[in-house]
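For reference, the structure discussed in these notes is given below.
The values are calculated or read from the model by the stated rules, or taken from the named source; none is laboratory data. The structure displayed is predicted, hence computed values, not measured ones. Counting neighbours? That spans all protein chains shown, and the Cβs are built from the backbone with ideal geometry, glycine included.
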Ligand code: MN
């Protein structure tokens, strides 16, 4: 199982809940699609039993601090971040517009993005498109993440 979150926007309580959920689900990888905001929020991810792959969002101004916080947790870099996991090609970006473009170009088997704070799981021409929605919950009052099953190539949105 793969845990996906995005747009946590400093909400430590919700990040803690996401960490617990991902650990309980036995996730072997966690993806964050950007907008942590402050580096201190990354520290919570240290409690994960899985490594994290993440991209910077438009609100992630403290890049050096975030990169430092990520040491020993996983990797964070500029979008798009591409990698192979469980035999599937993943592409992670932050902006939903970029995500739509990458999906249309079939840049990966799975395209993950955030930014719009709207949860979305959709198959587009064989590409699984996932936006976990906002983990922070500040904008829409609802905190969500996604759980992705690579074997079934399916994902579900989970409300925290
Ligand atoms: Mn954003």
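A few points about this structure:
- Any chance residue 134 is surrounded by fewer than 21 Cβ atoms within 10 Å (Cβ to Cβ) and either modelled with pLDDT of 95 or more or within 24 Å of residue 45 (Cα to Cα) (or both): no
- Residue count for segment 68-81, restricted to those that are within 16 Å of the chain's Cα centre (by Cα), away from the ligand (no atom under 15 Å from the Cβ) and more than 14 Å from residue 30 (Cα to Cα): 1.
- Any hit, segment 114-123, residues being within 19 Å of residue 2 (Cβ to Cβ) and more than 15 Å from the chain's Cα centre (by Cα): yes
- Which numbered condition residue 31 misses (of (1) out of contact with any helix residue (DSSP H, G or I) (no Cβ under 7 Å at 6 or more places or on another chain); (2) closer than 12 Å to residue 73 by Cβ; (3) surrounded by 24 or more Cβ atoms within 10 Å (Cβ to Cβ)): (2)
- Summed over segment 38-59, the residues that are more than 24 Å from residue 25 (Cα to Cα) and crowded, with 20+ Cβ neighbours inside 10 Å give a count of 2.
- Boolean, residue 62 is over 20 Å from residue 9 (Cβ atoms) and surrounded by fewer than 19 Cβ atoms within 10 Å (Cβ to Cβ): no
- Matching option when the condition is within 14 Å of the ligand (Cβ to nearest atom) and either touching a strand residue (DSSP E or B) at 6+ places or on another chain (Cβ under 6 Å) or under 11 Å from residue 7 (Cα atoms) (or both), among 61, 34: 34
- The condition of being touching a strand residue (DSSP E or B) at 6+ places or on another chain (Cβ under 6 Å), more than 16 Å from the ligand (Cβ to nearest atom), closer than 16 Å to residue 132 by Cβ and touching a residue at least 12 places away in the same chain (Cβ under 8 Å) holds for only one of 92, 111, 19, that being 111.
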